[in-house]
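Below you'll find the structure, written out as structure tokens, and then a few comments.
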Number of protein chains: 4
Amino acid sequence: MIIVMKPHASQSSIDNVVELVKSSGLTPHLSQGEEVTIIGIVGDKSKLSNRNLEIAPEVDKIVQVTESYKLTNKKFHPYPSVIPVGKTEIGPYNLTIMAGPCAIESEAQLLTIAHAVKKAGATILRGGAYKPRTSPYSFQGLEEEGLRYMKKAKEETGLATICEVISEESLEAAVKYVDMVQIGARNMQNFQLLREVGRSGLPVLLKRGMAATIDEWLNAAEYIMAEGNHNIVLCERGIRTYETATRNTLDISAVPVLKAKTHLPVIVDPSHATGVRAYVKPLSKCAIAAGADGLMVEVHNNPACALSDGPQSLTCEQFEDLCQELASYAQLERRTFR
Amino acid sequence: MIIVMKPHASQSSIDNVVELVKSSGLTPHLSQGEEVTIIGIVGDKSKLSNRNLEIAPEVDKIVQVTESYKLTNKKFHPYPSVIPVGKTEIGPYNLTIMAGPCAIESEAQLLTIAHAVKKAGATILRGGAYKPRTSPYSFQGLEEEGLRYMKKAKEETGLATICEVISEESLEAAVKYVDMVQIGARNMQNFQLLREVGRSGLPVLLKRGMAATIDEWLNAAEYIMAEGNHNIVLCERGIRTYETATRNTLDISAVPVLKAKTHLPVIVDPSHATGVRAYVKPLSKCAIAAGADGLMVEVHNNPACALSDGPQSLTCEQFEDLCQELASYAQLERRTFR
Amino acid sequence: MIIVMKPHASQSSIDNVVELVKSSGLTPHLSQGEEVTIIGIVGDKSKLSNRNLEIAPEVDKIVQVTESYKLTNKKFHPYPSVIPVGKTEIGPYNLTIMAGPCAIESEAQLLTIAHAVKKAGATILRGGAYKPRTSPYSFQGLEEEGLRYMKKAKEETGLATICEVISEESLEAAVKYVDMVQIGARNMQNFQLLREVGRSGLPVLLKRGMAATIDEWLNAAEYIMAEGNHNIVLCERGIRTYETATRNTLDISAVPVLKAKTHLPVIVDPSHATGVRAYVKPLSKCAIAAGADGLMVEVHNNPACALSDGPQSLTCEQFEDLCQELASYAQLERRTFR
Amino acid sequence: MIIVMKPHASQSSIDNVVELVKSSGLTPHLSQGEEVTIIGIVGDKSKLSNRNLEIAPEVDKIVQVTESYKLTNKKFHPYPSVIPVGKTEIGPYNLTIMAGPCAIESEAQLLTIAHAVKKAGATILRGGAYKPRTSPYSFQGLEEEGLRYMKKAKEETGLATICEVISEESLEAAVKYVDMVQIGARNMQNFQLLREVGRSGLPVLLKRGMAATIDEWLNAAEYIMAEGNHNIVLCERGIRTYETATRNTLDISAVPVLKAKTHLPVIVDPSHATGVRAYVKPLSKCAIAAGADGLMVEVHNNPACALSDGPQSLTCEQFEDLCQELASYAQLERRTFR
């Protein structure tokens, strides 16, 4: 932590800050120049949490130098984590594809898609039973009924399963039926829910909030880890920018940035990132080339009639074609796949 | 709803769309030009919710022409709403100031501040008992104990009270102690929570999500209203942009835009919008001049030692000074105040 | 300037940085903690401009603590500047209104508007002769012919005049006819043009780039001042964000931020910020309440037929009404007006 | 073009719009619903350029359905363009790498780098002679002297050459020495300069503005093409967002979006997009996988002492390593390389 004093700050203002730091049990280091004095503090900055030094006299600004996330931080856990989900795992040695419908609509729909995505190469079935929709008048999901179909699909295909949870109630239900739960973008900073999935013990896919910085995202993961649950996978799904040609802007740089900052696996969701089916293939290939550990892709047996996000869903045939093309990219990245 | 076909789309693709629209019980209106055909549809577009026309052959794009929010829409409810809260009300005829500490720290702290803000002109006491914090290691609030101090402060001062809720549990507690609940920016699309506050019957302050469009915000309000709770006040608190000189970017235009789109009252939170105490006064004045129905301002009896957001909090003296200056602006806007 | 070393950086990496700093004639100050070492450097950091310390071994990051702009910096010039333009001036003691058509269309149009805006209270006539338009097929302005009408309007009304310049050629023409030149948002970092207006000697209105930070904006102003031209006024005109309800997002906080960072006057352009005529009045009032030294407003005698930006232009009658209402706000801010 | 009337607009307001459209020589098509009337207009909308229908009585909004760019539009030129540059070409059949220093510092520096990048697989040498820098106090480039070194490097290595131009003067100089000119992000809407490079006849690399939408970018290219110069290559270099972990946010989706909207080639600049050397390799691979026709990469023989952008520059060895790895990706995309 660095305290930058205003130019030509008076000695008494400098002394005041030095004193506040010392009285909190920390050691200040002064760098005094002709115009500006800066005061470096190394150590446990939480000791200063009730000292708002920003508003001490003649303080210009405070600069943080260390990250507030610890358990998720690669600095302290240098090796990449491998997260087990059902019979598969997510990590640096393989390419994981999660695929399935945006919303579960019926048992027949889900089973058809489950068999198709398994055949193509997916190892985890995704399917929404609780849908957070912008408008209250849109289809909100089959809820627990949908989860039961997920369990059935798992039994029939052997695929691991993942479902979004949006509340304590949906989490309690999900724990009974699926292998992994997802926190969606809109709930990335629903701290209560983060704590609860932390205590659930299930592996968690944590999607990035639409306007979350990478640091805030890792702090959200820290909430889950702080409850003792270390099985977290991060999912980049596009951020909000001024560009409207795509639904969101896929921040592909987040993949190498996260690889530098955390030990947690990172996957990419090209379907939500773009909202356009035709862009899913190029962005899937690019995600793997950028170092992602996997993908989450929306697949529907009849996108033209899908109750949610049809325009961004691949048909089963398109998904099969996608996986075939991805195999060469996985190989170049030395990841096992199919 | 308008369907724009690709240039030189074939007659059979156009016929296909026309047929899909008709089979859903709606009437298509064609505008055929030399290059482009557009198909207008007026009527209940929910009939097309399971027809993803975007991916029908040779469709270029779909343009929505009507808003998905109804109950919050000024088009159907032209007169401004007035929301009663405790013994006061929020609406076009007066200027409402909500003030208090970011986090409730102790009974003494809260009571000191409550008396001071009442004296200065506030009619609603704000105070955080459940704090959504970016890091799990930051102070998370006094929870129900804090709410009890709020009730005490109300009894002593007569101020109405407001507290943020972040979960079903905190909502259940809040209902017992305060007059109004707040949904914070991070929970603006926590649809489960929106429905629950909708059912609680308490007036709700709905803060804008950090990356929410005005339309998404009004759809979030629609979730609350759809549960039968019409007592909603919107709070602009800054959006996330690339500019870092302020914590967020206050979207002051949202005030007149909302006045044109909805009948609900709008207030502004200059403290969170900027994160800097010195900017609170100019932005408070500007919010009133822009047409806001009120303000939410953070006040602390000792900001230098505040456990949360000290640097953006005003001292009690600064708040008194602010209110004095605001009186003239309220008068120019023909709003009663103090 | 602060150099933050990676956690547990080796002594030799620390020594290497210390040596690089010393060999550049500067003095490093070490703060060594258990995990992290930070190295403060105060003094002329330009000595390190060819030392890219970011990529020295085990350096984590570099944090700048001082601004790169000097002449525009309030730290070194604490009193607000007053900029003379024709017979008027822009600064803290009065409220300056620049008004006129987006594009000059004819002599009759310009003179009609000039007389109307003068009568209402404007002291500077704006009018575009060189129009930077997104599409090459849109109206591009009357060029020098338009400037001649500006001169005529000045002679007839006594108003000072301002016109945007977009190139060396247009600047050479403008110098002959108008009192002040404007650098538009798209050219804020056209450094060649900044240097040329710096050498022209005319007062300059520097609009903020659509995605420029306040620091970049002040650095752009620094380019002009470095050429010896200190007559600069800054104009906030909205930044680009994800919100589409308004054309741009007016960053009203920029006004108090600039008042804290620079001695240059600041005005606000509500017409371009919103793109919607109905929002011009509330945002004009709010700009004054936020501390702006003036406004730039688009006015047209027949907006329905304007060749550029008609939908955001006020009629002459609306402008008269606006100025009447603004008078009370100017008075509250202790600024002379009309 | 579609005109959406306000709900329950009066017949006379609808008639008024219909009349305005007809009197401009266009045919309106009405779709009248219970609440809303929409009026479709197909044909040459420029006939309405002086009819600001947005502000006609009871008009709610205007929706554009066709793009304003024509020459760059894939709808009218479906096959991908191939752009010749020196002895090489940029297009769908090969992978083009432009590499070299951010700033040309000396003849020896440039020649060293030129030989190295040629050996590794680059076909175009980049080097900045005119540097647009945020601060006027930063190194501004060797100007014409730098261009002479570029010519020398071309003669020695056979590489084609590209240099940024920032003004008419620099363009006049560049034409004499290099094979291709670059318009940088800050000048993407410097329309005067666009017209001039349009008239120069040289191939042009048009970088995306920091806050430019894809549509604005294609309109900027249209300015060049409208002058008769069809040799344009687009370069995605990152856009400005709220995320600060990278200098800019690489909008990788822009690659497939552009492939759908225009026939012009697209390359990616991972160096400027991230500002961090370690991220250049993953983002280079990802750009190729996303469908880019090439890359622009900063390479320096001694990044630690580079006068500009050292932290994002690869060493010659790192660049050689990068090209080796890229070869497999080029092959997967069926592009010739090296």
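The values are calculated or read from the model by the stated rules, or taken from the named source; none is laboratory data. Note that the coordinates shown come from a computational prediction; the quantities given were computed from them, not determined experimentally. Backbone-built Cβ (ideal geometry, glycine too); neighbour counts: all protein chains shown.
Just a few scattered comments:
- A:ALA292 meets each of the listed conditions (1) touching a Ser or Thr at 6+ places or on another chain (Cβ under 7 Å); (2) buried (at least 24 other Cβ atoms within 10 Å of the Cβ) apart from (1).
- When residues of region C:195-222 are limited to those that are among the polar types (S, T, N, Q) and more than 8 Å from chain D (Cβ to nearest Cβ), the one nearest to C:LYS131 (Cα to Cα): C:SER200
- Residues satisfying the stated conditions in region D:214-260, i.e. aliphatic (A, V, I, L, M), crowded, with 24+ Cβ neighbours inside 10 Å and farther than 25 Å from B:ALA245 by Cβ: D:LEU218, D:ALA220, D:ALA221, D:ILE224, D:ILE232, D:VAL233, D:LEU234, D:ILE252, D:ALA254, D:VAL255, D:LEU258
- Residue match in region C:317-337 (condition: touching a Leu at 6+ places or on another chain (Cβ under 6 Å) and either part of a strand (DSSP E or B) or among the polar types (S, T, N, Q) (or both)): yes
- Boolean, B:GLU216 is out of contact with any helix residue (DSSP H, G or I) (no Cβ under 9 Å at 6 or more places or on another chain) and either more than 28 Å from B:ILE113 (Cβ to Cβ) or among the β-branched types (Val, Ile, Thr) (or both): yes
- The number of residues in region B:193-213 being closer than 30 Å to A:THR249 by Cβ and either crowded, with 21+ Cβ neighbours inside 10 Å or aromatic (Phe, Trp, Tyr) (or both) comes to 9.
- C:ASN52 satisfies every condition listed in (1) within 17 Å of C:LEU205 (Cβ to Cβ); (2) more than 28 Å from the chain's Cα centre (by Cα) except (1).
- Scanning region D:100-127 for residues that are within 16 Å of D:ARG148 (Cα to Cα) and more than 26 Å from the chain's Cα centre (by Cα) returns D:SER106, D:GLU107, D:ALA108, D:GLN109, D:LEU111, D:THR112.
- Scope region B:176-194; condition out of contact with any strand residue (DSSP E or B) (no Cβ under 8 Å at 6 or more places or on another chain) and more than 8 Å from every other protein chain (Cβ to nearest Cβ); matching residues: B:LYS176
- Whenever a residue of region B:184-197 is under 13 Å from A:GLY184 (Cα atoms), its partners that are buried (at least 24 other Cβ atoms within 10 Å of the Cβ) and among the polar types (S, T, N, Q), lying with C-beta atoms within less than 6 angstrom and at least six residues away or across chains, give the pairs B:ARG186/A:GLN189; B:ASN190/A:ASN190.
- Scan of region A:136-152 for residues that are in contact with a Ser or Thr (Cβ under 7 Å, 6 or more places away or on another chain) and either aliphatic (A, V, I, L, M) or surrounded by 19 or more Cβ atoms within 10 Å (Cβ to Cβ) (or both), ordered by number: A:MET150
- Here is the figure for region B:233-252: residues that are in contact (Cβ under 8 Å) with a residue 12 or more places away in the chain, farther than 28 Å from B:ASP179 by Cα and at the interface with another protein chain (Cβ under 7 Å from one of its Cβ atoms) total 3.
- Close pairs from region B:284-304: first within 14 Å of chain C (Cβ to nearest Cβ), partner in a helix (DSSP H, G or I) and aromatic (Phe, Trp, Tyr), Cβ under 6 Å, at least 6 apart: B:LYS285/B:TYR329; B:ILE288/B:TYR329
- Selected residue (criterion: farthest from the other protein chains (Cβ to nearest Cβ)) from residues of region C:128-153 that are in contact with a Leu (Cβ under 6 Å, 6 or more places away or on another chain) and over 19 Å from D:SER46 (Cβ atoms): C:ALA153
- Among the residues of region B:70-78, not a single one is among the β-branched types (Val, Ile, Thr), at pLDDT 95 or above, within 17 Å of the chain's Cα centre (by Cα) and not in a loop (DSSP other than H, G, I, E, B).
- Restricting region B:153-169 to residues that are without any contact (Cβ under 8 Å) to a residue 40 or more places away in the chain and not hydroxyl-bearing (Ser, Thr, Tyr) leaves a set whose member that is surrounded by the fewest Cβ atoms within 10 Å (Cβ to Cβ) is B:GLU155.
- Where B:VAL65 falls short, out of the listed (1) within 24 Å of A:SER135 (Cα to Cα); (2) more than 10 Å from chain D (Cβ to nearest Cβ): (2)
- Residue that is farthest from C:THR161 (Cα to Cα), among those in region C:87-119 that are β-branched (Val, Ile, Thr) and in contact (Cβ under 8 Å) with a residue 60 or more places away in the chain: C:THR112
- Among the conditions (1) loosely packed, with under 15 Cβ neighbours inside 10 Å; (2) facing chain C (nearest Cβ under 8 Å), the only one that A:LYS75 does not satisfy is (1).
- Residue selected from region C:312-330 under the condition buried (at least 22 other Cβ atoms within 10 Å of the Cβ) and either within 11 Å of another protein chain (Cβ to nearest Cβ) or under 24 Å from C:TYR130 (Cβ atoms) (or both), by the criterion modelled with the lowest pLDDT: C:GLN312
- C:ALA273, sole failed condition from (1) buried (at least 24 other Cβ atoms within 10 Å of the Cβ); (2) more than 12 Å from every other protein chain (Cβ to nearest Cβ): (2)
- Number of the condition not met by D:ARG277 [criteria: (1) within 17 Å of D:LEU95 (Cα to Cα); (2) touching a helix residue (DSSP H, G or I) at 6+ places or on another chain (Cβ under 7 Å)]: (1)
- Hits in region A:35-48 - residues which are at the interface with another protein chain (Cβ under 7 Å from one of its Cβ atoms) and surrounded by fewer than 21 Cβ atoms within 10 Å (Cβ to Cβ): A:GLY43, A:SER46
- When we screen C:VAL280, C:VAL257 for residues that are modelled with pLDDT of 95 or more and within 14 Å of chain D (Cβ to nearest Cβ), the only hit is C:VAL280.
- Elements of type helices (runs of 4 or more DSSP H) contained in region C:103-183, each with 3 or more residues being in contact with a Lys or Arg (Cβ under 9 Å, 6 or more places away or on another chain) and at pLDDT 95 or above: C:107-120, C:144-157
- For region B:10-26, the count of residues that are facing chain D (nearest Cβ under 9 Å), in contact (Cβ under 8 Å) with a residue 24 or more places away in the chain and at negative phi is zero.
- Residue among A:VAL65, A:VAL82 that is touching a Gly at 6+ places or on another chain (Cβ under 6 Å) and closer than 25 Å to C:PRO7 by Cβ: A:VAL82
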